[in-house]
Amino acid sequence: MYGLPQVSMMMALGLFVFGLHTAPYQQLQRQVSWRHPSASRVGARPSRQFAGPGDDIITLSGVLYPELTGGKLTLEAIKAMADEGMAWPLIEGTGLVYGLFVIEDVSETHSEFFPDGAPRKIEFSLRLARTDDNPSLMGTLGKQLLSLLNLK
């Protein structure tokens, strides 16, 4: 097929697209928990009651090679989104909607430098936490995306 080249999308966080030319992650780790608070009892094990879902944390990690993929500017764009303190829809390239997530943490390690000090290799890790119970915190285009994703 001729025409425009197809852009591969691994995942999108809001309007930021993770792909082979921006920030391809090599690992996605997800930790989901449920809350079961306990109450002490005399002569018996503590009783537990299901109190609902707990944290849903996703960590994306990978390596950027600025000559081939995104670089420092890519991570700066993610940090600018985090600075807004808003929640963003997280959607996998397959169409799976994870929900609304905030950016809790971005870490990066620069190595293998060019003579001018620019890194040839940037390892990154991005920690996201689900918070879709409060859509008023959603980032730009929130109202349109809420209606499209049917999230409440």
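A few notes on this one:
- Subset of segment 122-135 (residues that are of a type in the set (Lys, Arg) and either at pLDDT below 95 or within 9 Å of LEU100 (Cα to Cα) (or both)): ARG130
- The number of residues in segment 43-63 being surrounded by 10 or more Cβ atoms within 10 Å (Cβ to Cβ) and of a type in the set (Lys, Arg) comes to 1.
- Residue list for segment 64-78, restricted to those being buried (at least 16 other Cβ atoms within 10 Å of the Cβ) and either in contact (Cβ under 8 Å) with a residue 60 or more places away in the chain or aliphatic (A, V, I, L, M) (or both): LEU64, LEU75, ILE78
- With respect to the stated conditions, THR109 fails to be of a type in the set (S, T, N, Q), at pLDDT below 95 and on the phi < 0 side of the Ramachandran plot.
- Extreme residue, surrounded by the fewest Cβ atoms within 10 Å (Cβ to Cβ), among residues of segment 81-96 that are over 12 Å from the mean Cα position of the chain (by Cα) and hydrophobic (A, V, I, L, M, F, W, C): LEU96
- Just one of the numbered conditions (1) outside any helix (DSSP H, G or I); (2) over 15 Å from ALA129 (Cβ atoms); (3) in contact (Cβ under 8 Å) with a residue 24 or more places away in the chain is not true of ASP56: (2).
- Subset of segment 22-53 [free of Cβ contacts under 8 Å to residues at least 40 places away in the same chain and outside any strand (DSSP E or B)]: HIS36, PRO37, VAL42, GLY43, GLN49, PHE50, ALA51
Quick grid of which residues meet (1) surrounded by 11 or more Cβ atoms within 10 Å (Cβ to Cβ); (2) under 18 Å from ALA87 (Cα atoms); (3) modelled with pLDDT of 95 or more; (4) among the hydrophobic types (A, V, I, L, M, F, W, C):
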position: LEU4; (1), (2), (3), (4): no, no, no, yes
position: MET10; (1), (2), (3), (4): yes, no, no, yes
position: PHE18; (1), (2), (3), (4): yes, yes, no, yes
position: THR22; (1), (2), (3), (4): yes, no, no, no
position: ARG30; (1), (2), (3), (4): yes, yes, yes, no
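- Checking GLY71 against (1) closer than 17 Å to ALA129 by Cα; (2) touching a Pro at 6+ places or on another chain (Cβ under 9 Å); (3) not β-branched (Val, Ile, Thr), the condition it does not meet: (1)
- From SER111, SER40, SER107, residue being of a type in the set (S, T, N, Q), surrounded by fewer than 17 Cβ atoms within 10 Å (Cβ to Cβ) and in contact with a Pro (Cβ under 6 Å, 6 or more places away or on another chain): SER40
The values are calculated or read from the model by the stated rules, or taken from the named source; none is laboratory data. Note that the structure is a prediction, hence the values are computed from the model and not measured. So basically every Cβ, Gly included, is an ideal-geometry build from the backbone, and we count neighbours across all protein chains shown.
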